[in-house]
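What follows is a short report on a single structure.
Where a number appears in this text, it was derived from the coordinates with a stated rule and is not lab data. Please read all numbers here as calculations on a predicted model, not as lab measurements. FYI the Cβ positions are ideal-geometry reconstructions off the backbone, even for glycines, and counts take in every protein chain you see.
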Amino acid sequence: MSDLPPVISKQSHLEDALAIISKATVFAIDTEFLREKTYYPQLCLIQIAGNGIVFAIDPLAKDIDLSKLWDLLGDEKITKVFHAGRQDIEIFYHLTGDVPRNIFDTQIAAMVCGLGDQVGYDKLVHHFLGKNIDKSSRFTDWSKRPLTTKQIAYALDDVIHLEKIYPMILAQIEDGNKASWIAEEAKILSSIGTYAVDNQEIYKRLKIRTNKPIIMNRLKYLAAFREVECQKRDLPRGRFLKDETLMDLAATAPKTIEAVSKIRGLGNQKNQWLATQLVNAIKQADESDKDSWPQPPERKHQERAPAAVLEMLRVLLKHVCDDEGVAPRLVASASELEALALSDDKNQPVLQGWRYEVFGKQAIAMKQGKIAMALEDGDIRFIDVS
């Protein structure tokens, strides 16, 4: 519809645009957001392209209702194309408590097509369309209004190009019989568990530099307290309490408000409420059932992988990925290779689904002496000797 503005801020225009998009079988979607000063990302713009139209929605506009858009994102019949969509989907999860259905992520697809690890959008556009993206609006404050013509064009280009790339990259996926690989990866992106925050488990994201259960348990309680307060106040974690401060609190376990003030990052602490809460969190941690305290990893998981086995697995991984035209990192990370060198535990990601069929099966066979590596005319060959 020619009368649709490029940025929609009126409900009537939004309903007209969604009526058109709802008839599409696929559309590209992207967002612009800020999160430097908040716990939750602040959604500033939603861009959509499909069924012959392209537009942006201004979620900051007064009285605009996005409920019909949320319904559309949940429609299984329509494919939603993202690029590196995890943060976009996280925003939708926060706002709705649910995630979009029928997701296709072109960054994952690019890795499956062998275009490299975590392919940037600019590289993707250049590869498929031969165009260079103007990045000058990349660090825009998207919350400021009005947006300039240049900013709007930059935002809309993201989905205009994405819509064009989708059928091209999909054809490569289908030609390589890798559609099932993409489907497995999409399940992870579509899982609510990927985005739901368990406050009792959030401490595991910290770089813990101790194996003492009592200190780890204090960190568990302190990190949970920080998470709840940051959610209430919509503050970034580091602006409320830095990770290093939590570490010092857990290690020194201050029992008074005065002792809290001596902790790095809490000097001259005048907020008695906060100091009291921190002391109480530590007290609750120390008084909790010791059977519930976090335990350090078993020593066997800290063993170094046999160097020869690990090197053979690396060579096999590169060989397989070269043959399949897929980014090695998507198949197995460095830590996953080390785990595989140490164990044949079938719960490892590399021994499940398409990764097992592509690499894991051969890796186990090689570890069992059923596959040998040889040089032939300067090229590495793997020979079945079972």
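Please list, or write none, the lysines whose alpha carbon is within less than 18 Å of the alpha carbon of K367, excluding same-chain residues fewer than 8 places away.
The qualifying lysines are K318, K346.
Below 14 angstrom from the Cβ of D75, what's the summed charge of the other residues (Lys, Arg +1; Asp, Glu -1)?
Net charge in that neighbourhood comes out at +2.
Evaluate region 7-194: find the radius of gyration of its Cα atoms, find its Kirkwood radius, and give the ratio Rg to Rh.
Taking Rg over the Kirkwood Rh, I get 0.94.
If you consider only alpha-carbon coordinates, what radius of gyration and Dmax does region 239-373 have, in Å?
23.6, 68
Restricting attention to the alpha-carbon atoms of region 202-292, what are Rg (one decimal) and Dmax (integer), both in Å?
Rg then Dmax for region 202-292, in Å: 12.2, 36.
Could you state the orientation-averaged shadow area of the convex hull built on the Cα atoms of region 84-139, in nm² to one decimal?
Mean projected area of the Cα convex hull: 5.1 nm².
Round to the nearest 0.05 the FRET efficiency obtained for K262 and F240 when R0 = 25 Å and r is the Cβ-Cβ distance.
0.85
So what are the ³J(HN,Hα) numbers for region 281-286, from phi and the Karplus equation (6.51, -1.76, 1.60; θ = phi - 60°), rounded to whole Hz, Gly and Pro as x?
4, 5, 4, 4, 5, 5
With bins 10 Å wide starting at 0, give me the P(r) of the chain over every alpha carbon pair, in whole percents.
Histogramming the chain at 10 Å steps yields 4, 18, 22, 22, 20, 11, 2, 0 percent.
Could you list W273, W181, W142 so that the one with the fewest beta carbons within 10 Å of its beta carbon is first and the one with the most is last?
W273, W142, W181
Putting +1 on Lys and Arg Cβ atoms and -1 on Asp and Glu Cβ atoms, find which of A171, V385, Q107 reaches farthest to the positive end of the dipole of the chain.
Selected residue: Q107.
Show me, bin by bin at 5 Å from 0, the whole-percent P(r) of region 55-120 based on Cα pairs.
Percent of pairs per bin, in order: 4, 16, 21, 24, 16, 11, 6, 2, 1, 0.
Evaluate the charge dipole of region 7-194 about its Cα centre and quote only its size in Debye, nearest 20, assuming +1 on the Cβ of each Lys and Arg and -1 on the Cβ of each Asp and Glu.
Approximately 340 debye in magnitude.
GluC sites (Glu not before Pro) within region 193-251: which are DSSP loop residues with at most 13 other Cβ atoms inside 10 Å?
In loop regions of region 193-251 (DSSP not H, G, I, E or B), the sparsely surrounded GluC sites (Glu not before Pro) are E201.
Full-extension gain between K232 and K370, please, as 0.36 nm times their residue separation minus the C-alpha to C-alpha distance.
Going from the current span to full extension adds 44.0 nm.
Over all distinct alpha-carbon pairs, what is the Kirkwood Rh of region 299-384 in angstrom?
About 13.1 Å for region 299-384.
Run the reach check for K68 against aspartates and glutamates, Cα to Cα strictly under 18 Å, same-chain hits fewer than 8 apart removed. What comes back?
E15, D16, D30, D58, E76, D88, D98
Sum -39500 (n - 2.57) across every DSSP H segment of at least 4 residues in the chain, then divide by the residue count to get the 222 nm mean residue ellipticity, nearest 500.
Using -39500 (n - 2.57) per qualifying helix, the result is -14000 deg cm²/dmol.
Between N280 and S386, how high is the FRET efficiency from 1/(1 + (r/R0)^6) when r is the Cβ-Cβ distance and R₀ = 51 Å? Nearest 0.05.
Given R0 = 51 Å and the Cβ-Cβ separation, E is 0.25.
Working out 0.36 nm times the residue gap between N177 and D345, then minus their Cα-Cα distance, what length gain in nm do you get to one decimal?
Gain on extension, N177 to D345, equals 57.7 nm.
Could you let me know the centre-to-centre spacing of region 82-134 and region 316-386, using Cα atoms, in angstrom?
27 Å
With a 10 Å Cβ neighbour count serving as the proxy for reagent exposure, in which order, fewest first, do T245, T252, T25 appear?
Ranked by crowding around the Cβ, least crowded first: T25, T252, T245.
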